[in-house]
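First comes the structure, then the notes that go with it.
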Amino acid sequence: MRLALVVIFLVVWGLGLFALHSRWQEKQRLRLAEHTSVVATTYRASIAMFHLTTETFIRQVVQRPDVLETFARGLRGTEAQRSQARGELYRRLAAAYADLDQHGVHQLHFHSSESHSFLRFHAPDKFGDALSEIRPSVGMVNRDRQAIFGFEIGRFGLGFRYLYPLLYQEQHLGSVETGVTFRAISEAMARIDPGREYLLTLRRDLVERKVFSDQRKLYIDSPVHADFLIEDPSLKIPGAPRPAIPVLRQLNEQLRRHAEVQSGMLAGASFSLALSHANDDWAVSFVPAENISGENVAYLVAYSHFPVVAELRREYYASFVLLSLVLAGLAGLSWRLLGAHRTLRRDARQLQAITETIADGLYVMEHGGQISLVNPAFENILGYRADEIVGRVGHDLFHVHDGGRELPQADCPIIQATQKGASYHGEELFRHKNGQLLTVELDCQPLNLPDGTAGSVTAFRDISERKAAQLRLLESDRIKGEFIATASHELRTPLTVIQGYLELLLTNEELSADQVHEIETVVYDKALALERIVEDLLDVSRIEAGRPIHLDYNEVDMVREISTIVAQFRKESPRHRFALRLPEQPVVLSIDKFKIVQVLENLLNNAVKFSPPDTEIRLSGEQVGDRFELRISDQGIGILPEDQAHIFDKFHRVDNSDTAVGGFGLGLYLAKRIVEAHAGELQVESELGQGATFTLSLPLPDAS
Ligand code: ADP
């Protein structure tokens, strides 16, 4: 994908560059074509100007009857008369010719109707030679008797010729011609269109054919083309071209190697091209010059500065940079978009995988409550296929309110919460497609939909099973409680009978002292222990059934009570030492004496049970603020921190405790509840192997 982007970018960039480059070249071509046509037009304009001058001169000066009469006379007469007429003609026209010369028109040449030279104003002594051979134009004007003009290379030089037939009294006398040098033409062109340099270059083959051999030295090789010549500028002859300025020499070097110049000049094409030299741009235009028969005989080469090239080049580079920047910007943007798109697609795929694999049912609702998406778990839990449910309102379809009553969607707590932008969490009833009611635990989060409205996404799980299990558990707990209560109740009656019977038995005087001792210490004590367990169980089942512990309050002096209990323990457990520290004054509390004694006995029993013989059990009681605190410490096995948290739970026994000394695990459970029923506290501190300290605190009467 990224590779494709790079390729597209490069292709677009390449095409853009190509288009810009073509536009640049096209503009330059158009500008060059303008140069070609300007030069061609200027050339034609200057020729037309000389034409006008010549024509005016011919009409007003030459075609005067006296002049024509003199010429006619000269043509007809004897040699002497001819030369007289020639002289006369020369004198008559000398002033006008000088004026013509001033205007750049240099030749004035009369020919006979047989195309022989009659009078050359620039060489009056040279006449009578036949011209038709080397000057086809003279022959043509005398044959067709129509004015003609064109570029012509003659034996004595080249120039632009204007030829007119001369008539006198209906008689064709011959012809007259004027000529303009290239230098005159180029100067006229410079006046019309300043800022150009010109070069006239002539076809070598034509020059070599026409020009007298002694005249050939007037020509040198053309600097632009091997098949062309130019007039030698170093010769000081009138009308010779000006020497080329140095920069033109450099340009000509380039032209000479330029393929278009070489082929174009041979083909006679008009064209211009752009060259540059020393950071300067030039336009060089080539315009062919034709002779009277329309033959291409020479080339006019015009040079001018061409600053527009630099402008176009700048424009091209600016567009190039702009195009590259814009494309690079676009490419960068696309690159990032592509990256973002990929991440999005990956996220979407992951999200889809997640929603499809999670066990929770999931659905997305639109603002109006219509479902727009469900996951496979939804289909499994509620029995609807996605295509059956998408687009329908979930509330109407499967959401059931307490007791199955109808509730308008607007009053549905889920819809209300999410439309306020809040989330919703709770247990709800959903109806399976087959009608079965399911308890679901659901979480609903508001969702901003792409159209700007508030929708929601809901995840739910079927907790019907769990609910049922909980109910079953509660039920079995209740049954168990009931069973314990009934069982212990049932046990108590026979136990009381046994105790009563034993007491009766002990009154029997026939029993030996040993038998009495056996019954008292073994059977009767066991029956008492059993009774204690049964009592504890009964208490527990009462608490479990939610009944509060019943307390019979008496005023009890704790100092005395504790002393009595300890005295009894000293007697029963002679191998332990009991250290007692109590206030000197009585501390009277309002308590259920029987129950608090039960707690104290339990704590002391444990201390004895879980500490080795010959260790000390310390009891210290004191008033702390508005409470009486009693601490019972032993030096026994201690309790692990993790066990300390649980020893007040029912049936909890620490694993490492010796089973031989273990009980039912109900003592501390009941003790804590009894103390708490007195608004007191029971806490433990211990370190394993370092013994345990239980702190019992009970409120003083004033405080309660
Ligand atoms: P039991 O009737 O089994 O003694 P209790 O509720 O009185 O039940 O005690 C629960 C458990 O707490 C005991 O089994 C024993 O593991 C631990 N325990 C109680 N008192 C101490 C003590 N002073 N030192 C060490 N462990 C004790």
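Observations on the model:
- Positions within the stretch 620-635 being in contact with a Leu (Cβ under 6 Å, 6 or more places away or on another chain), more than 13 Å from the ligand (Cβ to nearest atom) and open to solvent by less than 50 Å² (accessible area, probe 1.4 Å), in sequence order: 621, 628, 630
- Any chance residue 515 is more than 16 Å from the ligand (Cβ to nearest atom) and not in a strand (DSSP E or B): yes
- Number of the condition not met by residue 465 [criteria: (1) assigned to a loop (DSSP other than H, G, I, E, B); (2) open to solvent by 70 Å² or more (accessible area, probe 1.4 Å)]: (1)
- Among the candidates 449, 537, 495, the residue that is open to solvent by less than 60 Å² (accessible area, probe 1.4 Å), modelled with pLDDT under 85 and within 30 Å of residue 393 (Cβ to Cβ) is uniquely 449.
- Residues satisfying the stated conditions in the stretch 671-696, i.e. within 13 Å of the ligand (Cβ to nearest atom) and in contact with a Pro (Cβ under 9 Å, 6 or more places away or on another chain): 686, 687, 688
- Residue count for the stretch 651-664 under the criterion of being modelled with pLDDT of 70 or more and more than 8 Å from the ligand (Cβ to nearest atom): the result is 1.
- Set side by side, the residues 638, 667 differ, and just one is at pLDDT 90 or above, open to solvent by less than 30 Å² (accessible area, probe 1.4 Å) and within 8 Å of the ligand (Cβ to nearest atom), which is 638.
- Restricting the stretch 297-327 to residues that are within 34 Å of the chain's Cα centre (by Cα) and of a type in the set (S, T, N, Q) leaves a set whose member that is surrounded by the most Cβ atoms within 10 Å (Cβ to Cβ) is 319.
This table checks each residue for (1) open to solvent by less than 60 Å² (accessible area, probe 1.4 Å); (2) more than 30 Å from residue 329 (Cβ to Cβ); (3) assigned to a helix (DSSP H, G or I).
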{"position": "11", "(1), (2), (3)": "no, no, yes"}
{"position": "31", "(1), (2), (3)": "no, yes, yes"}
{"position": "69", "(1), (2), (3)": "no, yes, yes"}
{"position": "88", "(1), (2), (3)": "yes, yes, yes"}
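- Boolean, residue 615 is of a type in the set (Ser, Thr, Tyr), more than 60 Å from the chain's Cα centre (by Cα), modelled with pLDDT under 90 and within 13 Å of the ligand (Cβ to nearest atom): no
Residues checked against (1) at pLDDT 85 or above; (2) part of a loop (DSSP other than H, G, I, E, B); (3) surrounded by 15 or more Cβ atoms within 10 Å (Cβ to Cβ):
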residue: 209; (1), (2), (3): no, no, no
residue: 226; (1), (2), (3): yes, yes, no
residue: 230; (1), (2), (3): yes, no, yes
residue: 233; (1), (2), (3): no, yes, no
residue: 238; (1), (2), (3): no, yes, no
residue: 260; (1), (2), (3): yes, no, no
residue: 265; (1), (2), (3): yes, no, yes
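- Number of residues in the stretch 245-258 that are surrounded by 12 or more Cβ atoms within 10 Å (Cβ to Cβ) and either of a type in the set (S, T, N, Q) or over 12 Å from residue 199 (Cβ atoms) (or both): the value is 7.
- Candidate set: the stretch 94-130, residues that are in a strand (DSSP E or B) and touching a residue at least 60 places away in the same chain (Cβ under 8 Å); chosen: the one surrounded by the most Cβ atoms within 10 Å (Cβ to Cβ): 111
- Residues (open to solvent by 10 Å² or more (accessible area, probe 1.4 Å), of a type outside the set (Asp, Glu) and under 21 Å from residue 216 (Cβ atoms)) located in the stretch 131-152: 134, 135, 136
- Test for residue 297: is it modelled with pLDDT under 95 and farther than 24 Å from residue 229 by Cα: no
- Only listed residue being in contact with a Lys or Arg (Cβ under 6 Å, 6 or more places away or on another chain) and touching a residue at least 24 places away in the same chain (Cβ under 8 Å), chosen from 439, 453, 458: 439
- Qualifying position, being open to solvent by less than 50 Å² (accessible area, probe 1.4 Å) and over 19 Å from residue 262 (Cα atoms), among 222, 175: 175
- Subset of the stretch 400-432 (residues that are crowded, with 16+ Cβ neighbours inside 10 Å, modelled with pLDDT of 90 or more and closer than 16 Å to residue 456 by Cβ): 424, 428, 430
One line per residue, one yes/no per condition, for (1) of a type in the set (S, T, N, Q); (2) touching a helix residue (DSSP H, G or I) at 6+ places or on another chain (Cβ under 7 Å); (3) touching a residue at least 40 places away in the same chain (Cβ under 8 Å):
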{"position": "278", "(1), (2), (3)": "no, no, no"}
{"position": "289", "(1), (2), (3)": "no, no, yes"}
{"position": "292", "(1), (2), (3)": "no, yes, yes"}
{"position": "296", "(1), (2), (3)": "yes, no, yes"}
{"position": "303", "(1), (2), (3)": "no, yes, yes"}
{"position": "322", "(1), (2), (3)": "no, no, no"}
{"position": "326", "(1), (2), (3)": "no, no, no"}
{"position": "329", "(1), (2), (3)": "no, no, no"}
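The values are calculated or read from the model by the stated rules, or taken from the named source; none is laboratory data. Note that the structure is a prediction, hence the values are computed from the model and not measured. We place every Cβ from the backbone using ideal geometry, glycine too, and count neighbours over all the protein chains shown. Only protein heavy atoms, including side chains, enter the accessible area calculation; ligands, DNA and RNA are left aside. Shrake-Rupley method; radii C 1.70, N 1.55, O 1.52, S 1.80 Å.
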